[in-house]
Amino acid sequence: MKALNFFVKKDACGGCRLCEVACSFYKTNSCKPSASAISILNNPVRGIPTPAFTPDCDCKDGEEECIKFCPKKVIQYVPDDKIAEYMCSPDWTSCIILPSQK
Ligand code: SF4
Ligand code: SF4
């Protein structure tokens, strides 16, 4: 599942939701954030926005629209052989996985 390879820069998301819009254009060719495979949640403990992904995430590697449009470079796609390194980093956290929207 591609979504397991996303890491999120800690405390960096500004909650603009451009990633949701970009994904919805990729998915539906229209502005329909409810059809997006990424959603911005408010962290219930710290009260800050953070991206979460569904298993419906399916852009080709290197062509992730959410990454391209994020103005704060919050999202990183991490290949399998680098996951352990990111898991140990104080700057990045593994992403939240949501249920499929389908
Ligand atoms: S990688 Fe593609 S499908 Fe997945 S959340 Fe980003 S824009 Fe949507
Ligand atoms: S991940 Fe980036 S594009 Fe998405 S809401 Fe946060 S700052 Fe905006």
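Structure notes:
- Principal axis extents of the C-alpha atoms in segment 2-97 (largest first, rounded to whole Å): 38, 31, 22.
- C-alpha long axis of helix 18-28 to longest principal axis of the chain, angle in °: 50
- Net length gained if the chain between E63 and V45 were fully extended (0.36 nm per residue, minus Cα distance): 3.3 nm
- Cα-based shape type of segment 1-41, given that a ≥ b ≥ c are square roots of the gyration tensor eigenvalues and the cut on a/c is 1.5: oblate
- Cα centroid separation - segment 30-52 against segment 61-102, whole Å: 14
- Peptide ranges 90-100, 18-28 listed from the most packed, as the mean C-beta count within 10 angstrom indicates: 18-28, 90-100
- Amide hydrogen proximity for W92: with H placed 1.01 Å from N in the peptide plane, the residues at 5 or more positions away or on another chain lying under 5 Å are K10.
- Cβ-based exposure ranking for K72, K60, in which fewest neighbours within 10 Å come first: K60, K72
- Over the chain: helical MRE at 222 nm, DSSP H runs n ≥ 4 each giving -39500 (n - 2.57), nearest 500: -5000 deg cm²/dmol
- Burial ordering of S39, S89, S34, fewest other beta-carbon atoms within 10 Å first: S34, S89, S39
- Tally of Lys pairs whose C-alpha atoms are under 12 Å apart, taken over segment 2-97, 8 or more apart or cross-chain: 5
A short reminder: the numbers here are calculations on the coordinates, not readings from a lab. The structure displayed is predicted, hence computed values, not measured ones. Positions of Cβ are generated from backbone atoms using ideal geometry, with glycine treated the same way; all protein chains shown enter the neighbour counts.
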